[in-house]
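Contents: one structure, followed by commentary.
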Amino acid sequence: MTAAARPFDVIVVGLGAMGSAAAAHLAARGQRVLGLEQYQPAHDQGSSHGHSRVIRLAYFEHPSYVPLLRRAYALWGDLERETGTRLLTVTGGLMVGRPDSEVVRGTLESARLHDLPHETLDAGALQRRFPTFTPAPDLVGVFEPHAGVLRPEACVQAHLAVAASHGADLRFGERVTGWTVLAGGDGVEVQTQQETHAAGRLVLAPGAWAPDLFALPQLPLEVERQVLFWLDPVGGTAPFTPDRFPVYVWDHGAGVQVYGFPAQDGLPDGVKVAFFRTGRGTRCTPQTIDREVHASEVTMMREAIADVIPSLAGGELRAATTCMYTLTPDHHFVIGPHPRHPQVILASPCSGHGFKFASVVGEILADLATAGTTAHPIALFDPLRFAGTSAR
């Protein structure tokens with residue numbers, strides 16, 4: 001099939017957080033886009049559900065993320081205005097731990113390097129400001145005013161709406177089984193359970209299905225099962241409203257970190273809390289993940305927050321569900337062209353902290369698929385950074 005005869009310029013595989021954003025940006029640039037998703041829009045089988053995601057600017061994972069976050073905030077605002085949908089609520093964010101903890105040390109490094117507004121609070125000041133928290137005397141908190149909550153399902157739906165409004169062909173319930181690059185590199189073909197599609201470029205944003213679909217056997221991606229909990233605080237949710245209670249990450253040390261949110265309107269009732277890192281997460285695949293939440297896991301969460309948010313730890317469990325992290329060894333993303341096939345763009349903004357970047361990742365993927373390069377700083381995410389990576 002000649003390039004002129006192809007019905008699509010770009011195929012996007014996976015229409016979750018990153019794929020929906022890529023489809024929106026590509027279609028808005030006039031590209032003929034086919035989006036393929038094996039489930040229904042904003043589904044709960046992957047990593048882009050759960051009613052809330054943290055967005056924060058003073059980024060403890062690495063200062064290099066801050067310029068991307070600034071652009072992400074701007075693009076989330078653009079998306080809100082374009083769709084008339086409220087996607088982001090600013091609550092402020094609190095990063096808590098010992099002064100030498102990864103969360104505190106890294107947050108301060110990013111804040112100081114990028115001149116971001118922040119406050120450092122000792123344990124007493126932290127509890128006076130946010131009396132729901134009960135920090136030990138040796139802990140400190142770093143508060144940043146711009147952090148907040150994104151609504152993931154609404155974000156995905158908004159990007160899909162923009163993509164569709166610009167003519168993207170979005171197909172749901174169509175599972176991709178493989179892909180090939182045509183002879184001489186003249187485009188790609190994507191095989192699904194229904195048919196084969198052709199295009200000039202391919203964006204792979206399959207979330208936890210990346211280890212199979214990327215076709216890079218030595219790229220060290222692993223999928224980790226995660227559990228999200230909603231607890232009804234003892235005494236009610238009044239102290240947990242967004243104007244009184246920030247998003248937070250609490251570093252317990254020894255590789256254990258907990259994060260959480262204010263109370264939100266709508267179902268499920270209660271206040272959401274989850275482990276960000278545990279140091280002993282359960283590895284799985286999308287096919288083998290245990291979707292049942294066990295009593296022992298609820299107990300583990302209660303014990304983790306008993307000394308820091310006791311009113312939440314003692315509350316009734318309202319809901320719990322699972323999701324999946326796609327992890328790299330260094331916990332940084334994988335974004336860039338396939339090592340052997342520049343027509344194929346890989347996107348795994350992963351390791352449990354990627355959703356907030358979806359708006360700007362969509363822009364980056366559109367850049368790479370149309371121009372082969374991007375002005376955004378993505379060297380940290382090079383798919384070739386892991387020794388021994390081999391190509392298809």
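The values are calculated or read from the model by the stated rules, or taken from the named source; none is laboratory data. Computed from a predicted model, the values in this text were never measured in an experiment. Because the Cβ atoms are built from the backbone with ideal geometry, glycine has one as well, and the counts that use them run over all protein chains shown.
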**Request:** Name the single residue, out of those in the stretch 239-276 being of a type in the set (Val, Ile, Thr) and farther than 19 Å from residue 107 by Cβ, that is farthest from the chain's Cα centre (by Cα).
**Result:** 241
**Request:** Pull up the stretch 372-392, narrow it to residues that are under 21 Å from residue 11 (Cα atoms) and modelled with pLDDT under 95, then point me to the one that is nearest to the chain's Cα centre (by Cα).
**Result:** 383
**Message:** Against the definition (surrounded by 15 or more Cβ atoms within 10 Å (Cβ to Cβ), touching a strand residue (DSSP E or B) at 6+ places or on another chain (Cβ under 7 Å) and not hydrophobic (A, V, I, L, M, F, W, C)), how does residue 310 come out, yes or no?
**Reply:** no
**Fill in**
The residue that is surrounded by the most Cβ atoms within 10 Å (Cβ to Cβ), considering only those in the stretch 329-355 that are touching a helix residue (DSSP H, G or I) at 6+ places or on another chain (Cβ under 6 Å) and under 14 Å from residue 19 (Cβ atoms), is 347
**Asked** Only one of 234, 249 is closer than 25 Å to residue 273 by Cα, of a type in the set (A, V, I, L, M) and either surrounded by 20 or more Cβ atoms within 10 Å (Cβ to Cβ) or without any contact (Cβ under 8 Å) to a residue 40 or more places away in the chain (or both); which?
**Response** 249
**Asked** What residue, of 369, 358, is assigned by TED's automatic domain parsing to the domain that holds residue 208, modelled with pLDDT of 95 or more, touching a Leu at 6+ places or on another chain (Cβ under 8 Å) and buried (at least 21 other Cβ atoms within 10 Å of the Cβ)?
**Response** 369
**Fill in**
When every residue in the stretch 253-269 that is modelled with pLDDT of 95 or more and not hydrophobic (A, V, I, L, M, F, W, C) is compared, the one farthest from residue 331 (Cα to Cα) is 262
**Request:** Return the total of residues in the stretch 103-129 being closer than 19 Å to residue 54 by Cα, part of a helix (DSSP H, G or I) and either in contact with an Asp or Glu (Cβ under 6 Å, 6 or more places away or on another chain) or without any contact (Cβ under 8 Å) to a residue 12 or more places away in the chain (or both).
**Result:** 1
**Item:** Criterion: surrounded by fewer than 18 Cβ atoms within 10 Å (Cβ to Cβ) and in contact with a strand residue (DSSP E or B) (Cβ under 6 Å, 6 or more places away or on another chain) - qualifying residue of 326, 321
**Value:** 321
